[in-house]
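What follows is one structure encoded as structure tokens, with my remarks underneath.
Each reported figure results from applying straightforward, stated rules to the coordinates on display, with no laboratory input. Keep in mind that this is a model prediction, so the values were computed, not measured. Reconstructed Cβ throughout: ideal geometry from the backbone, glycine too, with neighbour counts over all protein chains shown.
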Amino acid sequence: AAGVAGGVGGIGGVGVPGKSVATRDFDTKWNEMYEKLKQYKDENGTCNVPTSLGTPLAHWVAAQRRMYNKLISGKPGKRACLDAIKMQRLTELGFQFRPRGSYTAWNEQMKGLWKFLEENGHCRIPVNHPTLGSFVKLARRDYKNWTQGKPSSMTPERLAALKEVGFIFEGGKSPQRAAGPNKSWDERLEELLMYKQEFGHTVVPQNSGQLGAWVHSQRVHYKKYKEGQKSQMTAEKALKLTEIGFCFNASDRYRGNKRHR
């Protein structure tokens, strides 16, 4: 890191003995906001804070990008600015100085995937989809780079979230459902309860065998039941599902609904 810092030349005097009061104040404020950015990433899985939020953190993030653009254009200005160490800290955190639009709101995109799953019963999203297509292409590319050890925005946490919703990582491939014996409704309910004990929720991806298909069918039947249509769902079945915390609307999982009911 020291070699990199030297290459930039101690921009704004940061890292140089005998800092001015303005530079020390800048450092203090910068470190405070950096910690807030770390907290934001822990909560949202990304460092790309939407400027539309209008929060102090959103303004600070935008300011880092403006300073970066001035720096690479050879016009850093006289005021305290980014130095190599700060840029390195931001980069290691996963901050993108030139963010890609489709990854600036990871949780929003995941909500879209869950909604698509709820409405279509699968996550085979075409790359020309008007709102999710670009995200699908980026996620597939980043997954491929990640598996090959190349630079990527993919993380273990994001990979787990995509697998949970049944995301298709390779275009043109459909999920394979494992064959198995037919089970009664109560047997499937018991199987779902075991799944919940292991994973902590009842949102079974539809591509995870017969249990995933059964879970999806319960949502479909429940929706018909609520609308007064002919359905295999009954009040007794709905009560049993509710008692184990069944998620009747899969998209709730990315709407802050912690109980997934």
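Okay, here's what the table says:
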read-out	value
Estimated inter-spin distance, T51 and N107, nm [label 7 Å along Cα→Cβ]	2.2 nm
Cross-link table K70/K137; K196/K230; K70/K150; K163/K196; K36/K144; K41/K86, entries beyond 26 Å C-alpha to C-alpha	K70/K137; K196/K230; K70/K150; K36/K144
Extension gain from L93 to N145, taking 0.36 nm per residue of separation minus the Cα-Cα distance	16.9 nm
FRET efficiency for Q197 and N69, using Cβ-Cβ distance with R0 set to 41 Å, rounded to 0.05	0.20
